[in-house]
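Accompanying notes for the structure given below.
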2 protein chains.
Amino acid sequence: MLHIDTQAIAEMQHLYRINLINGITGYKSANLIGTIDEDGGTNLAVFSSVTHFGSNPALIGLVLRPTTIARNTYDNIKKTGYYTINHIPGHLVGAAHHTSAKYDPEISEFDKTAFNPVYLKEFSAPYVQESAIKMGMEFLEEIPIKANGTILILGQLKDLWFSDAALVAEDGFVDLNAADTACISGLDAYHRPSMLDRFHYARPDKAVETMPMDKKHQP
Amino acid sequence: MLHIDTQAIAEMQHLYRINLINGITGYKSANLIGTIDEDGGTNLAVFSSVTHFGSNPALIGLVLRPTTIARNTYDNIKKTGYYTINHIPGHLVGAAHHTSAKYDPEISEFDKTAFNPVYLKEFSAPYVQESAIKMGMEFLEEIPIKANGTILILGQLKDLWFSDAALVAEDGFVDLNAADTACISGLDAYHRPSMLDRFHYARPDKAVETMPMDKKHQP
């Protein structure tokens, strides 16, 4: 076994440390955050920290470091109160990674990548046309993380869009495999998952039961 | 396109809503949290909310609802100050799901599943022997989420264990495919990801570059 302790982590070369520590929590969600500024300039940025916080109301968290590339995203969310979360498709992971390049604030990543903005209902922030699953979010609360200066942005889901109704199963299960949603490991690796199994609610002293295939995947 | 708005979410049947909203953030990390109480009783529980918060110091977050099955995990973390995070292997996802069954507090999930506890160095909380990547965590801070009563537990990584040093590439990249780490979607679906690509640092007006294969995967 390889053992690494706190002191070894503190003494690591910067790039080695961020590669390592960004990799150890496991696979991460792969989303594009779409925002717009008060002059109509759009911004699109890849995030791997989108996290479920609750279903009723539907609360979603996002961790960011406002002093870095996420500055546009942060400023736009705070100024307008709205943003979108869009799943990264497996066939466009290169374009998604390109949104992490440090463009000047007045340049839109929509103009520099394969992604196209689309406006749905009266929602002000741009969605990503190419994403099978898109969320319109309202900013709720900003929670500063004292330990390292990062910020947890909490938002409430206002509008949820699926490119195809068949992505949602009879019981509300979302078929991410069929949506071709990617996931991320570390800072720069993109993956496509395949379902191993979907299980029924687990009960004490009873073997875990696999769900029938028609519940696992859409026909 | 299928459109679902805030009101439709509020009016959904409970199970449909939690399936749906737990699915829309994308793939989630798949980890087992190991804890021990003051009498030496162990606990093991599956979590899909483990999130990277920072690399220096190495900070990891965990969202939980202390009134549910996670009660043991929460109590043990608060009382002892220590816990472990262990990757769920793709070949043991059924056993991992079984840890979500509501066993009485005095019953250890280690005795009811295929997972075995292992104690490493002087760390008090049990690790999972079968996990290729294991983390020993020290409780740092508890952040109450006012909007819905959930709690964000922040911890600092103290000890990091890899079953094989080859899981860490030359530049610190962690090969989760080789570790057979699973990921989760929704409440009950487990997946095994395959890498699509790993990219170099993105720069403005420059095509995204793929890393050579020996950086993407271990030899």
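The values are calculated or read from the model by the stated rules, or taken from the named source; none is laboratory data. If you're wondering where the values come from, they're calculated on a predicted model, not measured in any experiment. FYI the Cβ positions are ideal-geometry reconstructions off the backbone, even for glycines, and counts take in every protein chain you see. Just the protein is used for accessible areas: all its heavy atoms, side chains included, with ligands, DNA and RNA removed. Shrake-Rupley method; radii C 1.70, N 1.55, O 1.52, S 1.80 Å.
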How much area per residue is accessible in segment A:1-133 when the probe is 1.4 Å and only protein heavy atoms are counted (Å²)? 37 Å²
Derived scalar couplings ³J(HN,Hα) [segment A:174-186; Karplus, 6.51 cos²θ - 1.76 cosθ + 1.60; whole Hz; x for Gly, Pro]: 9, 8, 5, 4, 5, 6, 6, 6, 8, 9, 10, 10, x
Select from A:Ser163, A:Phe199, A:Ala178 the residue farthest towards the positive end of the dipole of segment A:110-219; place +1 on Cβ of Lys and Arg, -1 on Cβ of Asp and Glu, and compute about the Cα centre. A:Phe199
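Just by accessible area at a 1.4 angstrom probe, what is the order of B:Glu38, B:Glu170 from largest to smallest? Kindly include the intermediate steps, with their values, before the conclusion.
Working: B:Glu38 135, B:Glu170 175 Å².
My answer, sorted largest first, is B:Glu170, B:Glu38.
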From the Cα centre of segment A:73-146 to that of segment A:1-45, the distance in Å is 17 Å
Evaluate the charge dipole of segment B:62-131 about its Cα centre and quote only its size in Debye, nearest 20, assuming +1 on the Cβ of each Lys and Arg and -1 on the Cβ of each Asp and Glu. 260 debye
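When the accessible area of segment B:13-141 is split by element with a 1.4 Å probe, what percent falls to carbon and sulfur? Spell out each step's value before the answer.
Working: 2190 of 4420 Å².
Of all accessible area on segment B:13-141, carbon and sulfur atoms account for 50 percent.
Treating the beta-carbon of each Lys and Arg as +1 and of each Asp and Glu as -1, no other charges, what is the dipole magnitude of the protein assembly as shown about its Cα centre, to the nearest 20 debye?
Details: 36 positive and 52 negative charges, 15 e Å.
Here the size comes out at about 80 debye.
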Put a point 7 Å out from Cα along the line to Cβ at A:Gln13; what are the distances to that point in the other copies, in nm, shortest first? 5.8
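Please report the buried accessible area for the interface of A with B, total over both chains, probe 1.4 Å, in Å² to the nearest 100. All intermediate terms of the calculation are to be shown ahead of the outcome.
On the way: alone 12860 and 12870 Å², together 16730 Å².
Accessible area lost upon association: around 9000 Å².
Given the pairs A:Lys146/B:Lys121; A:Lys79/A:Lys121; B:Lys28/B:Lys158; A:Lys79/B:Lys146; A:Lys102/A:Lys134, which span a C-alpha to C-alpha distance of over 26 angstrom in this model?
Values: A:Lys146/B:Lys121 29 Å; A:Lys79/A:Lys121 20 Å; B:Lys28/B:Lys158 23 Å; A:Lys79/B:Lys146 22 Å; A:Lys102/A:Lys134 24 Å.
Table pairs above 26 Å Cα-Cα are A:Lys146/B:Lys121.
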Roughly how big is segment B:11-133's charge dipole about its Cα centre, with Cβ charges of +1 (Lys, Arg) and -1 (Asp, Glu), in debye to the nearest 20? 440 debye
Using a 1.4 angstrom probe and counting only protein chains, how large is the accessible area of A:Ile18 in Å², to 10? 40 Å²
Tell me, what HN-Hα J-couplings in whole Hz come from the Karplus equation 6.51 cos²θ - 1.76 cosθ + 1.60 at θ = phi - 60° for each residue of segment A:98-115, using x for Gly and Pro? 4, 5, 7, 5, 7, 6, 4, x, 7, 9, 8, 5, 5, 7, 10, 10, 6, 8
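Thinking of chain B as a set of Cα atoms, what percent of all their pairs are more than 33 Å apart? Working shown, then result.
Working: 5143 of 23871 pairs.
More than 33 Å apart: 22 percent of the Cα pairs in chain B.
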